[in-house]
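Chemist: Starting off with a structure, shown below.
Just so it is clear, none of the values below were taken in a lab; they were calculated from the coordinates. Values in this document were obtained by computation on a predicted structure and should not be read as measured data. Quick reminder, even Gly has a Cβ in these numbers, built from the backbone with ideal geometry, and neighbours come from all protein chains shown.
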C-alpha cells in the first residue's frame, strides 16, 4: 500500500497585477529617455561651440552664448546700459551687464548677462513690464522749520 501524504499548498493569494510604470521594459525606456535628454543637454552646447569656435556666426546673428568674451558680446549686442561689478571672497571679478530694450515710453524689456573674469557664464531675459510713475510716500518726512 502506498502511503499518501497530503500535499500542503500555500493558500492562493490574489496578487494585484503589476502597475504599468513598474514593468521592467517601461522603466528601462524611461531611464534611457532621461539619460538621452541629459546627454543631449550637455552635448548640444558643445556641438554648437565646435561648429562656431570663434562665435563668428553668433556675432553676425546678434546672439550671445556662454563662453564668449566681453569683446565678443559687445560685437554681438553692443554696450549695456548698466554694469555692476563685484569681487568674490576669492578675488574673482564678476560683472552683471543690464541691457534695456524700450518698446514704448512706458514699456521696457531687460536682458541680464553675467561674466566671471571676462567670460560670459550665463544670463536671463525679463519680459516686458510697464514702468509705473514714481509714487511719492504717503507721509513724506519733512524737516521741522523750528530753529
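Chemist: Within 10 Å of each residue's Cβ, count the other Cβ atoms and sort 124, 77, 97 from fewest upward. Display every interim value, and only then the final one.
Modeler: On the way: 124 9, 77 17, 97 23.
Exposure proxy ranking, most exposed first: 124, 77, 97.
Chemist: Is segment 86-129 rounded, prolate or oblate when judged by the Cα gyration tensor, a ≥ b ≥ c being the square roots of its eigenvalues, rounded requiring a/c under 1.5 and prolate requiring a/b larger than b/c?
Modeler: Note, shape of segment 86-129 comes out prolate.
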